[in-house]
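Everything on this sheet refers to the single structure shown next.
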Amino acid sequence: MNDQENRMNVFSMRMIRGVGVWAAIWLSMTAATAQTATAKMVSAANTFLSTLSEKQRQSVLYSFGDEQQRARWSNLPTGFVPRGGISLKEMTPAQRSAAMALVASALSPKGLEKVEEIMEGDEVLKKNEANNAGRGNNGPPPGGGGPPPGNGANRPPRGGGLSGDMFGKDLYYISILGKPSEKDPWMLQFGGHHLALNITIAGERGVLTPTLTGAQPALYTIGGKTVRPLGQESDKALALLNALDDSERKQAILSYQLADLVLGPGQDGKTIVPEGLKASAMNDLQRAMLLDVIAEWAGIIHESAATARMAELKADINETWFSWSGPTTAAPGKNITAYYRIQGPHLVIEYAPQTLGGDPGLHVHTMYRDPTNDYGRGLVKQ
Amino acid sequence: MKARLIAVATILLYLGGVASAHRLDEYLQATILSVEKDRVQASMRLIPGVAVSSSVIASIDSNGDGVISEAEQHAYAERVLGDLSLTMDGNRLRPKIVSVTFAHIEQMREGLGEIHIEFTADLPSGGPNRRLVLENHHQNQNAAYLVNCLVPSDHDIRIIGQTRNQQQSFYQLDYVQAGVPGGPKPLNWWTSVRGWTSTVGFASLFRLGLRHIGEGTDHLLFLLALLLPAPLIVAGSRWAGCVGVHRSLLRILKVVTAFTIGHSITLALAALGFVHVPSRPIEVLIAVSILVSAIHALRPLFPGKEAGIAAFFGLIHGLAFAATLSELGLGRWERVAGILAFNLGIETMQLIVVAVTLPSLVLMSRTHAYPFLRIGGALFAGFASVGWIAERLLGAHSPGDVVVNSVAHHAVWIAGVLFLTSLGCWWQRNTPDREATSTSPSIERAQTRALERLAYLEEPLVVAAPKLPPI
């Protein structure tokens, strides 16, 4: 009897100790994860700023009210449209990794992967263009008799040649508007050719709009792996189109061609009349598929902001429109060559393949906006 | 020509790196319109691609000094406006330049330069329904046009539709404007109601309701199948003799009213956004409702409870009506008027259909030919509904749809033939020699066999009739 009691005691002591250890581990883990997304971003921003020289810091920092810097983004290469802040190219390796850690803290893992693939694509483009330029310089272009009479060829050469300073994964610029803070609003910008992330932070809220993503080449091979930076955007939208029945397709497919983004860079604060198929006429599965397409943009930002954003867009879903213009098929593993737009009360997404460079499936621009809350204007007076 | 092609090809090769980054051989011309009460504003962005920029620049820089002066900018903007045709309700408008900004000539050469023209045009006063047309012929041979309209900030303006040609060189905007000048100012409640109803397109929604029932074969088929046994009474588990004109009419009235109440409730709830049900299951349920009423017409499933069934399935049909309405993208207040107009359209068409078929039903129900109509009609409805169920559930295309549609297309003729037939049957019933033929046992047996083949389990009315008290 006594023996048994003893054994019971030993057992329960062990049990208590075990639970205690696990509780301690769990508590310390939750304490670590309890650091909010904004707090993580602030500490990553401060770490990054502390690695910079005074001069670099001045280049990176803008006042929160600087509207010019806020709107200084584009789909174009940085050689054509200079960005604010400093580029990765101008940084030391330590500064560069601190800068990328700051970008990573603002994004979801998937969002970061997308951004890195866009940047890597620009590196591929740089190599392709360098090869082309090399061929071009080795002799007169085939069929070309002497220097072309047009103005284009006579213009002054740029920096390190045509492609030298035009493309590359280090030509991405980072800038901060306002002082990184857990309470007061501030903004992180990161972008270059085919990328413009405009992230406004206000307390725990994080706003990604307006953001531009793009890719050229939109399909490339690196280390034996085929990469499509915006492949999901293409595949999911095509799957949704295929899930529509004939009458729904008829409404969704516009009868005219769309050559480019309607609300691209510089078109802030505009709301156009929506067109296409309204999601209230879709079934639950189609609506879920539409939300899944939207998530490709809404999910770029870090998880807690993305969750809040998706909840907002889900509440709007019946007032959200889906429209399509162009071919309704794509070869397996290739991108669509059609334009599409998703528009709701708090959302504009445009996916616009670019005809130049031959295959429109290899060059795409996309835009992600919230006409009521671009740059967090709905949250913060700027 | 050849020299020019070679030149362009050479530029492209030289600019290999540049060309991949931006517009090539297109001249992008993107216009965003903004409609106000008495004017339209436009923002035009013009971006000549790298392969066309030199010719565009040459046409802008008229003195060829390599600088685009302010006078040259203005002259070019005027030229662009001259290549536009902007009309309101067919009347040509006179756009006036508000501002012109040009990118640097170097950027334009690289196919990056944007020309930005803002213009405005005063709108003549007109009725509530307005049509704005913008045609752009500027540099048509290599242009890529985009035209869009901003959501009007004036809540009195509601966009009805946008129409474009494939190239977007033609753009038509239809909108409705409330409180328009031109008509007298609303003085009493009636004129203001009239103004309001015209704003929300009351008449067009009424017509939409009419059309929805007129062309929505499934809604009609449900109602008609439910009305088939209305003039009959039940004997055991079969349909038997006729109940008399007054009671027939009363029953038909009850069924139609119940259906109306049912679908009005859900139409209002769904259109106002209180309930939301996906459309596919609704469409399937509607087909099921037709099947149920078809079976009921063959053999009484719920005798005496037709009104309740009509109300219940009316709830489902109303959800489908709401889906049609919600596709129009009306605002909440417009929706209230919209529901009213749309529902009135539905009721009107329903009443027309009932008014057309009712005399035939009542007349024929008092003859021995009625089982043919009832069973034939029920089988047709059943056949159609099974086809629809398969189609809506499995996405399979049923050949029945073609048959049903061709029947629906000739509905007026069929109704006419039906009425004449019923008149004929009625006349024959009232002629003395009918007794002899109808009571002839051989004919009766033949009829019985025919009807049994038609309805499988169904015993024809004529067999049961002798057991009943005389009508």
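If you check B:323, B:294, B:310 for being at pLDDT 85 or above and more than 16 Å from residue B:361 (Cα to Cα), only one passes: B:310.
Using the structure shown, decide if residue B:28 is at pLDDT below 80 and within 10 Å of another protein chain (Cβ to nearest Cβ). Judged against the criteria, residue B:28 is not a match. For region A:350-382, the set of residues classified as modelled with pLDDT of 85 or more and of a type in the set (Val, Ile, Thr) consists of A:364, A:366, A:372, listed by residue number. Of all residues in region A:225-282, those being in contact (Cβ under 8 Å) with a residue 60 or more places away in the chain, facing chain B (nearest Cβ under 7 Å) and polar (S, T, N, Q) number 2.
Taking region B:102-121, which residues are part of a strand (DSSP E or B) and under 17 Å from residue B:27 (Cα atoms)? Selection gives B:102, B:115, B:116, B:117. Would you mind telling me which numbered condition in (1) at pLDDT 80 or above; (2) farther than 23 Å from residue B:281 by Cβ residue B:334 fails? Every listed condition holds for residue B:334 apart from (1). Tell me, which residue of region A:166-180 that is in a loop (DSSP other than H, G, I, E, B) and over 18 Å from residue A:101 (Cβ atoms) is farthest from the other protein chains (Cβ to nearest Cβ)? Residue satisfying both the conditions and the ranking: A:179.
Put simply, of A:235, A:245, A:260 the only residue that is over 30 Å from residue A:38 (Cβ atoms), among the charged types (D, E, K, R) and surrounded by fewer than 17 Cβ atoms within 10 Å (Cβ to Cβ) is A:245. Given the criterion within 14 Å of chain A (Cβ to nearest Cβ), touching a helix residue (DSSP H, G or I) at 6+ places or on another chain (Cβ under 7 Å) and either modelled with pLDDT under 80 or surrounded by fewer than 21 Cβ atoms within 10 Å (Cβ to Cβ) (or both), identify the matching residue among B:245, B:176. Answer to the selection: B:176. Every condition in (1) assigned to a loop (DSSP other than H, G, I, E, B); (2) closer than 20 Å to residue A:257 by Cβ; (3) within 14 Å of chain A (Cβ to nearest Cβ); (4) touching a Leu at 6+ places or on another chain (Cβ under 9 Å) holds for residue B:161 except the one numbered (1). When restricted to residues that are β-branched (Val, Ile, Thr) and over 30 Å from residue A:261 (Cα atoms), region A:31-85 contains 6.
When you check residue A:279 against the structure, is it in the same structural domain as residue A:339 (by TED's automatic domain parsing) and buried (at least 22 other Cβ atoms within 10 Å of the Cβ), yes or no? When the stated conditions are applied, residue A:279 does not pass them.
When residue B:149 is tested against the conditions (1) within 14 Å of chain A (Cβ to nearest Cβ); (2) buried (at least 18 other Cβ atoms within 10 Å of the Cβ); (3) within 24 Å of residue B:67 (Cα to Cα), the lone failure is (3). Report yes if residue A:252 is more than 22 Å from the chain's Cα centre (by Cα), surrounded by 21 or more Cβ atoms within 10 Å (Cβ to Cβ) and within 22 Å of residue A:353 (Cα to Cα), otherwise no. Taking the combined requirement at face value, the residue satisfies it.
Each residue in region B:281-312 was checked for being within 14 Å of chain A (Cβ to nearest Cβ) and either within 14 Å of residue B:222 (Cα to Cα) or touching a residue at least 12 places away in the same chain (Cβ under 8 Å) (or both), and 4 of them qualify. Figure legend. Inter-residue proximity from region A:30-43: first residues over 12 Å from residue A:302 (Cβ atoms), second residues at pLDDT 95 or above and buried (at least 16 other Cβ atoms within 10 Å of the Cβ), beta-carbon distance below 6 Å, spacing 6+ or different chains. Indicated pairs: A:42/A:180.
Every residue, every condition in (1) assigned by TED's automatic domain parsing to the domain that holds residue A:51; (2) under 19 Å from residue A:187 (Cα atoms); (3) surrounded by fewer than 20 Cβ atoms within 10 Å (Cβ to Cβ), yes or no:
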site	(1), (2), (3)
A:67	yes, yes, yes
A:85	yes, yes, no
A:89	yes, no, yes
A:93	yes, no, yes
A:97	yes, no, yes
A:104	yes, yes, yes
A:112	yes, yes, yes
A:116	yes, no, yes
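Selection of region A:79-89 for residues being touching a Gly at 6+ places or on another chain (Cβ under 8 Å) and either hydrophobic (A, V, I, L, M, F, W, C) or within 17 Å of residue A:62 (Cβ to Cβ) (or both) yields A:83, A:87.
In the condition set (1) in a strand (DSSP E or B); (2) small (Gly, Ala, Ser); (3) more than 32 Å from the chain's Cα centre (by Cα), residue B:58 is compliant with all but (1).
Determine the pairs where a residue that is within 12 Å of another protein chain (Cβ to nearest Cβ), located within region B:256-280, has a partner that is at pLDDT 85 or above and in a loop (DSSP other than H, G, I, E, B) with Cβ atoms under 6 Å apart, the partner being 6 or more residues away or on another chain. If the second residue must be at pLDDT 85 or above and in a loop (DSSP other than H, G, I, E, B), the pairs left are B:278/A:283; B:280/A:283. Within region B:101-142, restricting attention to residues that are aliphatic (A, V, I, L, M) and in contact with a Phe, Trp or Tyr (Cβ under 8 Å, 6 or more places away or on another chain), the residue that is farthest from residue B:167 (Cα to Cα) is B:108. The residue of region B:275-314 that is surrounded by the most Cβ atoms within 10 Å (Cβ to Cβ), among those that are under 19 Å from residue B:404 (Cβ atoms) and of a type in the set (S, T, N, Q), is B:293. For region A:217-240, does any single residue satisfy the condition of being more than 24 Å from residue A:363 (Cβ to Cβ) and small (Gly, Ala, Ser)? No, there is no match, as no residue in region A:217-240 is more than 24 Å from residue A:363 (Cβ to Cβ) and small (Gly, Ala, Ser).
The values are calculated or read from the model by the stated rules, or taken from the named source; none is laboratory data. A quick note: this is a predicted structure, and the numbers were derived from the prediction, not measured. Note: ideal-geometry Cβ built from the backbone for every residue, glycine included; neighbour counts use all protein chains shown.
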